[in-house]
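J.: Dumping the structure here so I can ask a few things about it.
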Amino acid sequence: MSDVIYSINGSVISVRHAKNLAMREMVYVGDKKLLGEVIRIDDDRVMIQVYESTTGLRPGEEVVGTGSLLNATLGPGILRNIYDGIERPLQQIAEEQGAFISAGKTIASLDENKKWHVTMKIKEGDQVKGGQIFATCPETSLIEHRSLIPVGISGTVVKAVGDGDYTVNDVLAEIKDEESGKVTEVYLKQKWPIRNPRPILNREPISMPLVTGQRVIDTMFPIAKGGSSALPGGFGAGKTMMQHQIAKWCDADIIVYVGCGERGNEMTQVLEEFSELTDPKSGKPLLDRTVLIANTSNMPVAAREASIYTGVTIAEYYRDMGYHVALMADSSSRWAEALREISGRLEEMPAEEGFPAYLPSRIAQFYERAGYVDTLSGSKGSVTLIGAVSPQGGDFSEPVTANTKRFVRCFWALDKSLAYARHFPAMNWNESYSEYIDDLSHWYNQNVAHDFLDLRAMMQTVLHEEANLMEVVKLIGSDVLPEDQKLTLEIARVIRVGFLQQNAFHKDDTSVSLEKQYKMMKTIDYLRRACSQYVAKKIPVTLIKETGIFEKVIQIKYEVPNDKLALLDEYPAMIDAALAKIE
């Protein structure tokens with residue numbers, strides 16, 4: 001007797017007395033063959049979450065198990081593509097059936113007709129094992145696709161094709177297991193359960209920063225390759241813009257952008273902008289090293305919950321080839337809301353603010369998939385996770401932000417008041433932090449300058465002193481402050497406006513090398529020390545301000561082109577000359 005639908009509650013359906021279904025099994029639901037997944041099994045009832053709209057579904061329709069877990073299809077053709085939360089190619093769906101996705105429509109995740117020019121790395125008689133690279137092909141103009149032996153398969157190659165053009169469904173090799181005698185066919189594509197992390201050989205200590213070209217990140221609150229960061233901020237604080245800047249300018253090889261439950265018009269803007277962007281390093285389209293997963297707020301809520309796992313599985317797949325991958329999740333709050341909605345339909349006991357009690361463990365499972373690793377292919381790769389959080393009303397104490405903070409080592413707190421004051425990136429330097437500084441200190445000493453972190457500490461000290469002084473200024477004004485404290489406020493303004501503030505639309509300021517960041521800090525520190533000497537001679541700060549030297553240093557970011565950094569070496573003499581006019 002087949003299993004049939006007993007009840008329907010939104011995206012969750014139940015089957016009574018099911019005999020053929022297993023936990024986490026992927027199933028087809030109803031006459032339209034809607035994709036679903038078994039999420040709970042009770043004594044007499046099985047609960048299934050459906051990843052498509054259940055409108056029109058009726059009790060009594062058949063539920064058919066597939067015998068496999070919910071998988072992502074991995075292979076050449078992922079890059080440049082735009083998927084929904086369960087890896088259906090949206091561009092191909094639009095071409096075949098228009099702007100709306102038909103229920104139960106199954107379209108292959110990868111183009112099955114396209115031929116790839118494959119270079120084989122194995123031959124008959126070779127001993128191979130899971131995770132080993134067996135073939136390569138040019139996936140885009142920027143990325144070489146390195147096809148891997150599926151995990152769990154090892155043995156002797158008994159058949160291997162020669163170099164040539166093949167589709168993802170062509171058999172490229174046959175591998176015989178010596179113990180069982182079983183022969184397994186190997187293709188360009190493979191499947192992997194999205195909720196299971198892909199295996200690695202070893203986790204490496206984190207030691208290299210993900211260089212983003214954004215001064216407030218690279219200098220003040222750096223993130224490591226293989227690290228994880230939260231990017232919380234209220235509506236309009238600039239989360240999406242920040243992720244765009246990181247995606248465009250960071251030194252990751254591949255970008256995975258997951259739009260999870262965001263507004264449709266915002267995702268449309270993301271898709272249009274990414275398709276027009278040029279990769280600054282190569283001059284080729286940025287999409288050549290990018291995959292977009294678009295799951296808007298009006299798409300089925302269960303698919304929103306799956307989209308995060310689909311994205312991180314794709315990121316791990318390219319990591320296993322030896323690439324450094326950066327994943328942007330925008331936003332994990334919408335993903336948590338999907339968990340809450342599904343939990344409510346399952347009638348589970350709610351925890352804080354209605355979120356399920358297992359919210360912290362789910363957040364931890366996601367961020368734990370970041371890392372810098374030795375892969376099974378013998379190379380090194382990394383997955384860096386950057387999750388935007390959208391706390392209601394900008395309240396960082398709400399459950400999603402608070403629990404995310406527990407599991408990440410980098411916290412970039414966006415501030416609406418800074419955004420409304422047109423200070424971008426609107427990252428609050430008093431609330432943000434990075435715990436990667438100690439891990440990265442050796443890299444900065446070796447690759448930038450031995451005093452880079454000392455200059456960073458100087459700027460943090462000045463900003464901290466400014467925060468304390470502003471409490472006094474708010475009460476009695478700045479006129480009563482001693483001259484040295486007035487100087488602290490001026491230097492803090494130079495740091496805030498001249499260094500932390502960055503113009504994404506200016507050709508020289510949109511992205512800045514670490515060398516320029518270091519020289520800018522050196523200049524600011526020289527200004528601070530030079531002005532301190534004049535203040536010690538009882539010269540008022542107002543006279544120093546009249547020289548215009550503070551404004552001159554603030555304008556460095558615009559006036560010194562990125563390809564003429566030698567101009568920065570002239571600034572100490574310029575500062576001395578300006579200050580000498582006072583005497």
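J.: Could you grab me the full set of residues in segment 249-263 that are more than 17 Å from residue 305 (Cα to Cα) and open to solvent by 10 Å² or more (accessible area, probe 1.4 Å)?
T.: Correct list: 249, 251, 253.
J.: Sticking with this one: Which of the strands (runs of 3 or more DSSP E) found entirely inside segment 57-148 contain at least 2 residues meeting this: over 30 Å from residue 15 (Cβ atoms) and either in contact (Cβ under 8 Å) with a residue 60 or more places away in the chain or touching an Asp or Glu at 6+ places or on another chain (Cβ under 6 Å) (or both)?
T.: 116-120, 133-138, 144-148
J.: To continue, here is another question. Need the failing condition index for residue 475 against (1) free of Cβ contacts under 8 Å to residues at least 12 places away in the same chain; (2) surrounded by 14 or more Cβ atoms within 10 Å (Cβ to Cβ), just the number.
T.: Residue 475 satisfies every listed condition except (2).
J.: Against the condition of a type in the set (Gly, Ala, Ser), open to solvent by 10 Å² or more (accessible area, probe 1.4 Å) and within 24 Å of the chain's Cα centre (by Cα), how does residue 332 come out, does it pass?
T.: So residue 332 fails the test.
J.: Among the candidates 60, 77, 152, 125, which residue alone is among the small types (Gly, Ala, Ser), at pLDDT 90 or above, surrounded by 14 or more Cβ atoms within 10 Å (Cβ to Cβ) and on the phi > 0 side of the Ramachandran plot?
T.: The unique qualifying residue is 77.
J.: Can you say whether residue 294 is of a type in the set (Gly, Ala, Ser), open to solvent by less than 40 Å² (accessible area, probe 1.4 Å) and more than 16 Å from residue 239 (Cβ to Cβ), as far as the supplied structure shows?
T.: Against the criterion (of a type in the set (Gly, Ala, Ser), open to solvent by less than 40 Å² (accessible area, probe 1.4 Å) and more than 16 Å from residue 239 (Cβ to Cβ)), residue 294 qualifies.
J.: Among the listed residues 39, 48, 8, identify the single one that is assigned to a strand (DSSP E or B) and open to solvent by 30 Å² or more (accessible area, probe 1.4 Å).
T.: 8
J.: Can you tell me which residue within segment 475-525, out of those that are hydrophobic (A, V, I, L, M, F, W, C) and under 24 Å from the mean Cα position of the chain (by Cα), is farthest from residue 453 (Cα to Cα)?
T.: 505
J.: If you don't mind, another one. For segment 331-349, what are the residues that are charged (D, E, K, R) and not in a loop (DSSP other than H, G, I, E, B)?
T.: Residues satisfying the conditions are 334, 337, 340, 341, 345.
J.: Additional query: State all residues of segment 275-303 that are in contact with a Lys or Arg (Cβ under 8 Å, 6 or more places away or on another chain), touching a residue at least 40 places away in the same chain (Cβ under 8 Å) and more than 19 Å from residue 78 (Cα to Cα); if no residue qualifies, say none.
T.: 280
J.: Just to verify a result, which residue in segment 14-33, among those that are within 20 Å of residue 195 (Cα to Cα), assigned to a strand (DSSP E or B) and touching a Gly at 6+ places or on another chain (Cβ under 6 Å), is most open to solvent (accessible area, probe 1.4 Å)?
T.: 25
J.: Quick one: would you say residue 80 is within 25 Å of residue 3 (Cβ to Cβ) and among the basic types (Lys, Arg)?
T.: Here the answer is no, as residue 80 does not meet what is asked.
J.: Moving to a separate point now. Looking only at segment 193-204, decide whether some residue is within 18 Å of the chain's Cα centre (by Cα) and open to solvent by 50 Å² or more (accessible area, probe 1.4 Å).
T.: There is at least one residue in segment 193-204 that is within 18 Å of the chain's Cα centre (by Cα) and open to solvent by 50 Å² or more (accessible area, probe 1.4 Å).
J.: Let me spell it out: the conditions are (1) open to solvent by 10 Å² or more (accessible area, probe 1.4 Å); (2) closer than 22 Å to residue 312 by Cβ; (3) in contact with an Asp or Glu (Cβ under 7 Å, 6 or more places away or on another chain), and residue 190 meets all of them except one. Which number is the exception?
T.: Only one criterion in (1) open to solvent by 10 Å² or more (accessible area, probe 1.4 Å); (2) closer than 22 Å to residue 312 by Cβ; (3) in contact with an Asp or Glu (Cβ under 7 Å, 6 or more places away or on another chain) is unmet by residue 190, namely (3).
J.: Moving to a separate point now. Please go through segment 404-421 and give me each residue that is part of a helix (DSSP H, G or I), open to solvent by less than 20 Å² (accessible area, probe 1.4 Å) and either over 14 Å from residue 235 (Cβ atoms) or free of Cβ contacts under 8 Å to residues at least 60 places away in the same chain (or both), ordered by number.
T.: Listed by number, the list holds a single entry, 404.
The values are calculated or read from the model by the stated rules, or taken from the named source; none is laboratory data. Note that the structure is a prediction, hence the values are computed from the model and not measured. Using ideal geometry, Cβ is built from the backbone for each residue, glycine included, and neighbour counts are taken over all protein chains shown. Heavy atoms of the whole protein, side chains included, go into the accessibility calculation; ligands, DNA and RNA do not. Shrake-Rupley method; radii C 1.70, N 1.55, O 1.52, S 1.80 Å.
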